[in-house]
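Below: the structure, in structure tokens.
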Amino acid sequence: GDIRQIMKIRDLFDQCATAYDRDRPVLVPCFDDFYGAALSAIPFDLNAPIKVLDLGAGTGLLAAMVAKAFPSASIHLTDISEAMLDQARQRFGDTPRITYAVQAHTRLSARSKYDLVISALSIHHLAHSEKQALFEKIYRALLPGGLFVNADQALGPSVEVEEAWHRQWLADVKAGGLPEPAWSQAMERVRLDRNATLADQLAWLENAGFENVACRYQRFRFVVYGGRKGET
């Protein structure tokens, strides 16, 4: 991808790392339902020793929910922002089943195999061609029967719908009382979003080979969707 774009995104997330968790429920007005839907989409036995990859893990918000629900899971967190991963390290302490790597999505290798790949509010930063390529890499990195769950943003299917969703989001965030400088930082990050429509994202998953592709949750631009790799 465009290196300048990646650096800019990294810098913006470095800046907001310490306040990220505090502001998240305001910036994601459907916070509980959104993350809850991602968690409930994971079909494994609660005590299964699953191998999990969290792409763009940030402060480890979603990873922590998965770690709590699946106490035998080992989770590998990747993110381009060292500052965000530092927050994750503080969150998890010296838990040996949690590992970290500072790396971009494009560096995902199929050499490591996972039962589950998760991501939250990260993949929308990629260009559309990069999203498609990433979905193919995720498919290859999954074990047979493995699952991908993405809790992310979608572009409205028309200009009118997109404008309505954006107005709704602004109204929700204002109602949540987001303090400065969090408001300015959030608006700066929004300008770097490269949202794709939900329909396109589901189609890209199917093109990559995923089965049972479906949207599990949607509230305006916030969507949770995923797909499964076949057993063979």
Take residue 86 and tell me if it is over 26 Å from residue 205 (Cα atoms) and at pLDDT below 95. no
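Scan segment 9-23 residue by residue and report those that are among the hydrophobic types (A, V, I, L, M, F, W, C) and either open to solvent by less than 20 Å² (accessible area, probe 1.4 Å) or under 17 Å from the mean Cα position of the chain (by Cα) (or both).
So the first thing to find is which residues in segment 9-23 are among the hydrophobic types (A, V, I, L, M, F, W, C), and the list is 9, 12-13, 16-17, 19.
Result: 9, 12, 13, 16, 17.
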Being aliphatic (A, V, I, L, M) and either surrounded by fewer than 19 Cβ atoms within 10 Å (Cβ to Cβ) or at positive phi (or both) narrows it down to one of 173, 190, 224, so name that one. 190
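Restricting attention to segment 131-160, and to residues there that are part of a helix (DSSP H, G or I) and touching a strand residue (DSSP E or B) at 6+ places or on another chain (Cβ under 9 Å), which single residue is nearest to residue 205 (Cα to Cα)?
Within segment 131-160, the first condition is being part of a helix (DSSP H, G or I), and the residues that meet it are 131-141, 159-160.
Among the residues that remain, those that are also touching a strand residue (DSSP E or B) at 6+ places or on another chain (Cβ under 9 Å) are: 134-135, 138-139, 141.
Details: 134: 10, 135: 6, 138: 10, 139: 9, 141: 14 Å.
Restricting to residues being part of a helix (DSSP H, G or I) and touching a strand residue (DSSP E or B) at 6+ places or on another chain (Cβ under 9 Å), the top hit is 135.
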All strands (runs of 3 or more DSSP E) inside segment 47-116 with 3 or more residues being surrounded by fewer than 23 Cβ atoms within 10 Å (Cβ to Cβ) and in contact with a Lys or Arg (Cβ under 9 Å, 6 or more places away or on another chain): 74-79
Give the residues of segment 144-170 that are over 20 Å from the mean Cα position of the chain (by Cα) and either under 21 Å from residue 26 (Cβ atoms) or in contact (Cβ under 8 Å) with a residue 60 or more places away in the chain (or both), sorted by residue number. 144, 145, 164, 167, 168, 170
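Scan 133, 104, 154 and give me the residue that is modelled with pLDDT under 95, in contact with a helix residue (DSSP H, G or I) (Cβ under 9 Å, 6 or more places away or on another chain) and within 30 Å of residue 220 (Cα to Cα). Write out each step before concluding.
Numbers: 133 fails: modelled with pLDDT under 95; 154 fails: modelled with pLDDT under 95.
104 is the lone residue from the list that is modelled with pLDDT under 95, in contact with a helix residue (DSSP H, G or I) (Cβ under 9 Å, 6 or more places away or on another chain) and within 30 Å of residue 220 (Cα to Cα).
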Would you mention how many residues in segment 176-186 are assigned to a loop (DSSP other than H, G, I, E, B) and either open to solvent by 40 Å² or more (accessible area, probe 1.4 Å) or of a type in the set (S, T, N, Q) (or both)? 4
Failed criterion for residue 6 (all others in (1) surrounded by 19 or more Cβ atoms within 10 Å (Cβ to Cβ); (2) touching a helix residue (DSSP H, G or I) at 6+ places or on another chain (Cβ under 9 Å); (3) aliphatic (A, V, I, L, M) hold): (1)
Close pairs (6 angstrom Cβ cut-off, 6 or more residues apart or separate chains): under 21 Å from residue 161 (Cβ atoms) in segment 203-219, open to solvent by 40 Å² or more (accessible area, probe 1.4 Å) and not in a strand (DSSP E or B) anywhere: 204/132
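The values are calculated or read from the model by the stated rules, or taken from the named source; none is laboratory data. None of the values given here were measured: they were computed from a predicted structure. We place every Cβ from the backbone using ideal geometry, glycine too, and count neighbours over all the protein chains shown. To get the accessible areas, we keep the full protein, side chains included, count just its heavy atoms, and leave off ligands, DNA and RNA. Shrake-Rupley method; radii C 1.70, N 1.55, O 1.52, S 1.80 Å.
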